[in-house]
Every structure is written in structure tokens, then in C-alpha cells.
Amino acid sequence: MINDIDIPQNNVQLSLFADDSAALKSGRSVKTLCKDVQAYLDRLVSFFDRWGFKLSADKTVAILFTRSKAVRSDDVKLSIKGKVIKVEEIVKFLGVTFDKNMTWNPYIQNIIDRCQKRINLLRVMAGASWGASKTTLLIAYKTLIRSVIDYGIVKPTIQPQNQQNQNWTSSRLKHYEYAVGR
């Protein structure tokens, strides 16, 4: 079934993984972007109807990535079977949080928060007089913390240095220090 999905046209791209999908298009004209994405959404709805699946407008969101002040989210008009799709400023796709300005700040903050919770376990494991060996702590670090940090790691290589990136780096170093018992 999934191999039979309609191929996007007009430079619309489709990203699929399990039951998550995203239709993407870049360009300068919001009107043209919406027209092309809407045409593909209509084709997808027809495809899913043929296979007995329902594309949920309630679970579907749109996001417009731009730093332009002239372009507003209200300019995006997309729908599924006549039901308007919400336009959001922050969306999550496959565990990665995207914001409309592509700052990555919500994503980085989420990772820092998740790792902060896990660092407490490393603190307990690294007890001063009875703590686990460095090897065990390093394995725990890689399993509990580094795996979270590394998922979606493309971000730090493309974002200029800012306060959020400094927090990211500082947090990662602190976690590593606990893992090696410093």
C-alpha cells in the first residue's frame, strides 16, 4: 500500500515513517506554496480513502518556516475535506521539535530538560565511596543521556552560536563529567 502512495508533484516533498508523514515545499510565494501543498493533500486524501484510511484534519498541523515579518501564519490556508488545518508556531515530527523561525530553541530545551532528569540517576550511581566504576558510568551515560542528545543532532552543526547552544554544550559537558566520575 505505502509503495503505491501518490508521488508529490511541483517540488512538494513527502517524508514518511510508520504512521507519521510530512508534506514539505519551499519557495517565496505563500500563495503558490499553499496551492501546491493543498493539491497534494487532496490527492493524499483520495489515496487514503481508496485504501480505507482516514487522514485526520484534527491531528494535522501546518507550519510556515520564515523569519520575514511580512509573512503571517494567517496567510496559510490549507484544509482536509473542507476542514481547516491549524497553523502552529511549534510542531513535533518524529521526536524533533521545529519552530517557525528555525531557532531550534524548543528542541534544545526539551533535550536539556530530559537529560537533567537522567543525570540524577548518574549522580546516585557515582556515589563518592561506593560508586559504580568509570566503565559502568560511561555505559550508563551513553545509554541514558548521549542517546537522547544524539537523536536529531544535525541541529548544532547548522545553527550559529547563541545562548541556547551554549546551554546545550554546557549541559552535555556536565553530563559527561558525571559519567566519567569527575
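Values in this text are rule-based calculations from the coordinates and carry no lab data. As the structure is a prediction and not an experimental result, all values here were calculated from the model. When we count neighbours, we look across all protein chains shown, and the Cβ atoms used for this are built from the backbone with ideal geometry, even at glycine.
Pairs on different chains or at least eight residues apart, Cα atoms closer than 14 Å: how many lysine pairs in the stretch 2-99 fit?
Summing the qualifying lysine pairs gives 10.
Among Gln38, Gly27, Leu16, flag the residue with its Cα farthest along the positive direction of the charge dipole of the stretch 1-41, charges on Cβ as +1 for Lys/Arg and -1 for Asp/Glu.
Most positive-ward Cα: Gly27.
So if each residue of separation counts as 0.36 nm, and I subtract the Cα-Cα distance between Ile5 and Asp74, what length gain in nm does that give? Don't jump to the answer; show the numbers that get you there.
On the way: separation 69, 0.36 × 69 = 24.84 nm, distance 2.97 nm.
The Ile5-Asp74 span can extend by a further 21.9 nm.
Would you work out the relative contact order for the stretch 2-99, in percent, from Cα pairs under 8 angstrom that are 6 or more residues apart? If you can, show how the numbers build up before the last one.
Details: 107 pairs, mean separation 22.6, N = 98.
Value for the stretch 2-99: 23 percent.
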